[in-house]
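Working notes for the structure below.
The values are calculated or read from the model by the stated rules, or taken from the named source; none is laboratory data. All figures in this text were calculated on a predicted structure; none of them were measured in a lab. Glycine also receives a Cβ, built like all others from the backbone with ideal geometry; neighbour counts cover every protein chain displayed. Calculation scope for accessible area: heavy atoms of the full protein, side chains included, ligands and nucleic acids excluded. Shrake-Rupley method; radii C 1.70, N 1.55, O 1.52, S 1.80 Å.
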Amino acid sequence: EDQVTQSPEALRLQEGESSSLNCSYTVSGLRGLFWYRQDPGKGPEFLFTLYSAGEEKEKERLKATLTKKESFLHITAPKPEDSATYLCAVRKDSSYKLIFGSGTRLLVRP
Amino acid sequence: ETGVTQSPTHLIKTRGQQVTLRCSSQSGHNTVSWYQQALGQGPQFIFQYYREEENGRGNFPPRFSGLQFPNYSSELNVNALELDDSALYLCASSLGSNPETQYFGPGTRLLVL
């Protein structure tokens, strides 16, 4: 069964304390893995798309990496404005839909 | 370039009623997908429309239906509302019949009493 699991469910960091969020997936025929950021009561905001193992993408303090079984979202020296829920989703070759994990709620304290 | 917009932002209905939610796609996008997001969960795929035709559906009953119009705006209709239909409903627009990145709107919060 296709599945996306994110860990931890929640993460509290001090400002400047770097960490990583994990997204593990079991899906046959991965077409792409997507990271989104979601603020409370709002729609997901697109961050990255990764297509193949070994690929990396960066945006400001965020860096996403991909292996054959999981993806990591590394947050370097986070700021309070990075507080949000980070969602991971995968798409299969044979389907149009995105399969989402339950997200990681990140809180960065000043 | 305008982003994805949705209306209304919030809605309260009672069990058994019908509801219509609306979505306006990002400029130039011809594909729209609808998702349901329960509190504390990731979005669940409902269906996708490309050029006014449904071209993919998730595990939702037929009382969830949709339309896409020639200007690529879209509607999600839900009949015979149930309490479990309470959720954030998201639409996402993208380009092409086999789209890559999907861009989400702000969502409509539906509460069924």
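Excluding same-chain residues fewer than 8 positions from A:Lys57, which lysines have a Cα within less than 26 Å of its Cα?
Partners within reach: A:Lys42, A:Lys68, A:Lys69, A:Lys79, A:Lys92, A:Lys97.
Got a sec? Charge dipole of region B:35-91, +1 on Cβ for Lys and Arg, -1 for Asp and Glu; which of B:Ile46, B:Pro61, B:Ala87 is way out at the positive end?
Selected residue: B:Ile46.
For region B:30-113, state what percent of all Cα-Cα pairs lands in each successive 5 Å bin, counting from 0 Å until the bin that includes the largest distance.
Going out from 0 Å in 5 Å bins, region B:30-113 shows 3, 15, 27, 27, 17, 8, 3, 0 percent.
For the protein assembly as shown, with every protein chain kept in place, what is the accessible area per residue (1.4 Å probe, Å²)? Intermediate results must be reported in sequence, preceding the final value.
Numbers: 10740 Å² over 223 residues.
Value returned for the protein assembly as shown: 48 Å² of accessible area per residue.
Under a no-solvent Debye model with one identical scatterer per Cα of region A:1-47, what's log10 I(q)/I(0) at q = 0.14, 0.18, 0.32 Å⁻¹?
Once normalised to I(0) and log-transformed, intensities are -0.50, -0.79, -1.20.
Pull out the extension gain between B:Arg63 and B:Leu39, defined as 0.36 nm times the separation in residues minus the alpha carbon to alpha carbon distance; nm, one decimal.
Working: separation 24, 0.36 × 24 = 8.64 nm, distance 2.14 nm.
Between B:Arg63 and B:Leu39, full extension yields 6.5 nm more.
Sorting check: for B:33-41, A:25-33, which peptide has the highest mean count of neighbouring beta carbons within 10 Å, and how do the rest follow?
Working: B:33-41: 18.9, A:25-33: 16.2.
Result, highest mean first: B:33-41, A:25-33.
How big is the shadow of the Cα convex hull of chain A, averaged over all directions, in nm²? Please list the in-between numbers first.
Numbers: hull surface 25.8 nm².
Over all viewing directions, chain A projects a mean Cα-hull area of 6.4 nm².
Just order A:8-21, B:61-74 by mean Cβ neighbour count inside 10 Å, highest at the front, would you? If you can, show how the numbers build up before the last one.
Values: A:8-21: 13.4, B:61-74: 15.0.
Result, highest mean Cβ count within 10 Å first: B:61-74, A:8-21.
So for the pair A:Lys57, A:Ser94, with labels modelled 7 Å out along Cα→Cβ, what separation do we get in nm?
2.6 nm
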